[in-house]
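Report on one structure; see the data block that follows.
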Amino acid sequence: MRALGLKPKPGNSGVVEFRANNRQLYAANLWLRTASRVLVRIASFKATDFNHLQSRADEIDWTTWIADGYAPEFRVTANKSALYHTAAIAQRLHQIVGPPSMGEPTQPFVVRFDRDVATVSVDAGGTPLSHRGWRTDLGVAPIRPTMAAAMLLASGWDGTTPLADPFCGCGTIAIEAALMARNLPPGGIRRFAFQTWPDFEPGAWASVNAGAKGQSADGGDGGSIPLVEASDRDPAAVAATMANAERAGVADSMKIEKRLVSHLTGHEGEGLMVSNPPYGKRVGDGDLEPLYKRFGAVLRERRPRWALTVVVPDRKLGRALDGRLAPVASFGHGGLRVSVLNRPGGTPELDPEVRSGSADLPDAPTS
C-alpha cells in the first residue's frame, strides 16, 4: 500500500484502513497482491431492532454504488448484537435497496454488526481479488495466491535474483513471483465492480491501467528479469503449472519441469528458494522429516548462497530443513495454522545442526 502512495493505518483483525481518492482506489484493486477485497465504507450506525436498521439504511444514497441493471447483494455477519439473524438482516436491506438478483449482475455490499453497531461497505472489486483469472488448473491442497504473494513479500525478495520452487504444485508461488518480477498486476486483465459505478472516472482508470503493461520476459522495458524455476515430481502438477503460467502470460519467464528435489541443479550465485512443501496432513504420508532433511542438504550443497522461505505447519519440520530458519509470519491455511519461515541468503557459517543431513538420502514422498 505504501508503494502505491497510500497511508495505511495499523492493521486489526485482518483489516487495514486507509483513505483514498478514486484513482488510488482503482490502483489498490489492481495492484494489491495480498488483499482479498478492497471495501469502501459508506455508513456506520447503531441498530438494535429492524425498524432502526431500515430507517438508517433508507438514509444511504445507494444509487451512488449501483448502476442500472445491477442488483444489490448483501454479505452480512453479526457478533454480539441484538440483530443476529443474518438472513433476516439481508432481507430487510433488500426491501430498502432493491430485490435480490434474478439473473442480472450484482453489486456486493458487506454489512458487519458488532455490538449493535452496523458498518456498511461496498465491495470495489466485486469478485474477490484473491481469485486470479489465470489460476484454473489446481492440484492437491493448493496454496492461496494471496498467501503466496505474502510469502514472497515477507522473504524480502526484490524480483532481481533467480527464484525456484521445487514443490510447485499448480505453480502458484512461482507464477506470483514471475508477475512481481515483470511488474504485472496479480489478477491480470479483469473487470472490477467500481467500473460500473455511476461516478466511475474512465480517465483516472486509464492512467492507472497504463502502468499494467509490465516488462517483457527479456527485460526489454528496462531492467533484467530473473529466471523463475518451478518443478515437481508429479507430471500432473507440472502440466497444471504450465497451463496456469501460459494464462498468466509469464510462461516465457519460467523454467517448468518434472524433477525430484534431490535432482536440483547447482547455482553459485544468490537467489531465493521458496516453497510450500508437503505437510503430511493432506499431501504426502508417513514421516516427512527425511524429506525435509534431504531438501535442506541439497540446498546447502548446490545453492549455498540462496535465501530460503518455506511455509510449514510444524516448526520441527522447519528445524529439520534448516536450523537457521526464523518465523516471519503465520496464517490459517486449509484448516491448519502454518508458519512462514525465512533464512537470508549469503554464505553464513554452518553449525553442526545445520550441517546434518545428506543430499544422498533415498527418495521420500513428495507432492
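Quick note: the coordinates plus some simple rules give every number you see, no bench work behind them. This is a predicted model, so every value here is computed, not measured. For neighbour counting, all protein chains shown are included, and Cβ atoms are generated from backbone atoms with ideal geometry for every residue, glycine included.
Checking every one of the chymotrypsin sites (Phe, Trp or Tyr not before Pro) in segment 1-75 against DSSP loop status and a limit of 14 other Cβ atoms within 10 Å picks out no site at all. Summarising the amide proton neighbourhood of A43: residues at separation of 5 or more, or on other chains, whose placed amide H is nearer than 5 Å comprise V120. Anything over 31 Å Cα to Cα? Flag those among K255/K293; K7/K213; K9/K255; K258/K316; K9/K46; K213/K255, in the order listed. Going by Cα-Cα distance, K9/K255 fall outside the 31 Å limit. Along segment 81-86 the Karplus relation, 6.51 cos²θ - 1.76 cosθ + 1.60 evaluated at θ = phi - 60°, assigns HN-Hα couplings of 10, 4, 8, 10, 7, 5 Hz to successive residues, with x for each Gly and Pro. Taking other C-beta atoms within 10 Å as the exposure proxy, E229, E17, E201 rank E17, E201, E229 from fewest upward. For the chain, with a Gaussian network of springs between Cα atoms less than 10 Å apart, report the residue from H131, H52, H333 with the top mean-square fluctuation. Largest GNM mean-square fluctuation: H52.
Helix 172-181 against the longest principal axis of the chain: what's the angle in degrees, Cα atoms only, rounded to the nearest 10? It is inclined by approximately 80 degrees. Per-residue ellipticity at 222 nm computed for the chain from its helices equals -8000 deg cm²/dmol, with DSSP H segments shorter than 4 residues left out and the rest contributing -39,500 (n - 2.57). I'm spelling it out carefully: the read-out is percent of Cα pairs over 28 Å apart, the candidates are (i) 51; (ii) 56; (iii) 38, and one was derived from this structure. Which label? It is the one labelled (i). Summing Cβ point charges (Lys, Arg +1; Asp, Glu -1) relative to the Cα centre of the chain gives a dipole of roughly 660 debye.
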